[in-house]
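Presented below is the structure to which this report refers.
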Amino acid sequence: MDQNRNQNRFHNYLHYDAGHNNPLVYGRVCSLFKIKDLERHAIALQTVLGGAIRNVVVENKDVASRLIELRSPERITFLPLAQLQVPRMDDHFRNHIQSLSNGRACLAVDLIASN
């Protein structure tokens, strides 16, 4: 698949919820981080995230429930921030991946910076 076309599709995800003014709605997953090296890693991150790239992060379950009641014409998955549990990645695991790949692989989290 053409790399420029993939990068353009990724950028289109970023603008999907432009203009949303609710402080309890943080936005699409893809709008909450920046890729450190877009040209090299956009396709890899798009592949890893899959459809989750379009999920919407909200403050809590109540906000998600209210938005679900609006019945958007598209299917949207809401991720309540208060319920998310992020696993810790220790240095041993990170070093193990580096060693197995001769330094050519890393964790996706190492390729992004949060907004």
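A few points about this structure:
- Search result, residues across segment 99-109 that are at pLDDT 90 or above and of a type outside the set (Gly, Ala, Ser): Leu100, Asn102
- All positions within segment 85-98 that are acidic (Asp, Glu) and outside any loop (DSSP other than H, G, I, E, B): Asp91
- Scanning segment 18-66 for residues that are within 18 Å of Thr77 (Cα to Cα) and small (Gly, Ala, Ser) returns Ala18, Gly27, Ser31, Gly50, Gly51, Ala52, Ala64, Ser65.
- If you go through segment 99-115 and keep only what is of a type in the set (S, T, N, Q) and either part of a loop (DSSP other than H, G, I, E, B) or surrounded by 13 or more Cβ atoms within 10 Å (Cβ to Cβ) (or both), you end up with Ser101, Asn102, Asn115.
The values are calculated or read from the model by the stated rules, or taken from the named source; none is laboratory data. The model shown is predicted, which means the values in this text are computed figures rather than measured ones. Using ideal geometry, Cβ is built from the backbone for each residue, glycine included, and neighbour counts are taken over all protein chains shown.
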